[in-house]
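Have a look at the structure below before the remarks.
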Amino acid sequence: MAASHHAALPPGVTLIDSHCHLDEERFATDRDAVIARAHAAGVTRMVTIGASGSMQANHDAVGLAQQHASIFATVGIHPHEASAVTPAVIDEITRLAGAPRVVAIGETGLDYYYDNSPRPSQQDAFRQFIALARQLRLPLVVHLRDAYDDALTILRDEGAADVGGVIHCFSGDRGAARAVLDLGFHLSFSGIVTFKNADELRAAARLTPADRLLVETDAPFLAPIPYRGKRNEPAYVVQTAAAIAAVRQQSLDELATLTHTNTERLFRLP
Ligand SMILES: [Zn+2]
Ligand SMILES: [Zn+2]
């Protein structure tokens, strides 16, 4: 079912890339061209995630959102860097979250696949960012890998459903999908849904209710087929949307419209 050809949006149909990292070094030399290619492909808006590494990444993401009318930002600290979360870091994230065009807290969460920070640090940071999102009344962008049981406990304990959010680059099975959907969360699917061995993930995309489904690139990572292995960029989210439309037996037009509406509503985009 994976789309192996180049998909294109019908004229007048647009998509939002709900999760990308435009601040990344790999876009340093041609960022404006990347953004222009997204627009040309019908990807009219992008949410750039300010949490991939140092605090500087958050400043860069907020700066990009202020320079480009089509870009919005989130602020947070990735679970990989959770051991660097101090009260001073939380204060700075709190301040940055008040900047114009910052639409969510994240990405935050748990990554037990890489375990780049000790699990207790990841759990503690995740709890603090949920509390911050509730305090600021902003939705959460959640990164989860091989950690669904602990994540569900924390999301419930901390009342994350009060602000809601998205499990980005969802990579769990159908059971995990149902559990986070039951908490009121959205699921965002990346280029992984186009990979040949991703039948279980496509099954999760098929069962996701139409009002909870988002699409993303996670660029520069995880390029969809037929760009797999290359640097990913927001324009390629069209391939991911086409693959999901195929498994849901919907037109690309319908799928684009519903994910667009969901992303606007979740992040309260103007
Ligand atoms: Zn992530
Ligand atoms: Zn990310």
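From the residues in the range 213-259 that are more than 16 Å from ligand 1 (Cβ to nearest atom) and under 13 Å from the mean Cα position of the chain (by Cα), which one is surrounded by the most Cβ atoms within 10 Å (Cβ to Cβ)?
Within the range 213-259, the match that is surrounded by the most Cβ atoms within 10 Å (Cβ to Cβ) is 259.
Would you point out which residue out of 111, 17, 91 is modelled with pLDDT of 95 or more and either in contact with an Asp or Glu (Cβ under 6 Å, 6 or more places away or on another chain) or over 23 Å from residue 131 (Cβ atoms) (or both)?
17 is the lone residue from the list that is modelled with pLDDT of 95 or more and either in contact with an Asp or Glu (Cβ under 6 Å, 6 or more places away or on another chain) or over 23 Å from residue 131 (Cβ atoms) (or both).
Of the residues 156, 206, 174, which is under 15 Å from residue 240 (Cα atoms), of a type in the set (Lys, Arg) and over 15 Å from the mean Cα position of the chain (by Cα)?
206 is the lone residue from the list that is under 15 Å from residue 240 (Cα atoms), of a type in the set (Lys, Arg) and over 15 Å from the mean Cα position of the chain (by Cα).
Taking the residues in the range 101-118 that are open to solvent by 20 Å² or more (accessible area, probe 1.4 Å) and in contact (Cβ under 8 Å) with a residue 24 or more places away in the chain as candidates, determine which candidate is farthest from the chain's Cα centre (by Cα).
The extreme case among them is 118.
Please list, ordered by residue number, the helices (runs of 4 or more DSSP H) wholly in the range 144-239 having 3 or more residues that are touching a Lys or Arg at 6+ places or on another chain (Cβ under 9 Å).
Correct list: 148-157, 199-207.
Tell me which of these residue 129 doesn't satisfy, since it passes every other one: (1) assigned to a helix (DSSP H, G or I); (2) more than 16 Å from ligand 2 (Cβ to nearest atom); (3) crowded, with 19+ Cβ neighbours inside 10 Å.
With (1) assigned to a helix (DSSP H, G or I); (2) more than 16 Å from ligand 2 (Cβ to nearest atom); (3) crowded, with 19+ Cβ neighbours inside 10 Å applied to residue 129, the lone miss is (2).
Taking the options 222, 201, 214, 252, name whichever one is in contact with a helix residue (DSSP H, G or I) (Cβ under 6 Å, 6 or more places away or on another chain), free of Cβ contacts under 8 Å to residues at least 40 places away in the same chain and among the aliphatic types (A, V, I, L, M).
The match here is 201.
Restricting the search to the range 2-23, which residues are surrounded by fewer than 20 Cβ atoms within 10 Å (Cβ to Cβ) and either within 16 Å of ligand 2 (Cβ to nearest atom) or on the phi > 0 side of the Ramachandran plot (or both)?
12
Which of the residues belonging to the range 59-88 are open to solvent by 30 Å² or more (accessible area, probe 1.4 Å), more than 17 Å from residue 110 (Cα to Cα) and assigned to a helix (DSSP H, G or I)?
59, 60, 66, 67, 87, 88
The values are calculated or read from the model by the stated rules, or taken from the named source; none is laboratory data. Note that this is a predicted model, so its numbers are computed, not measured. Quick reminder, even Gly has a Cβ in these numbers, built from the backbone with ideal geometry, and neighbours come from all protein chains shown. For the accessible areas, the whole protein counts, side chains as well, though only heavy atoms, and no ligand, DNA or RNA atoms are used. Shrake-Rupley method; radii C 1.70, N 1.55, O 1.52, S 1.80 Å.
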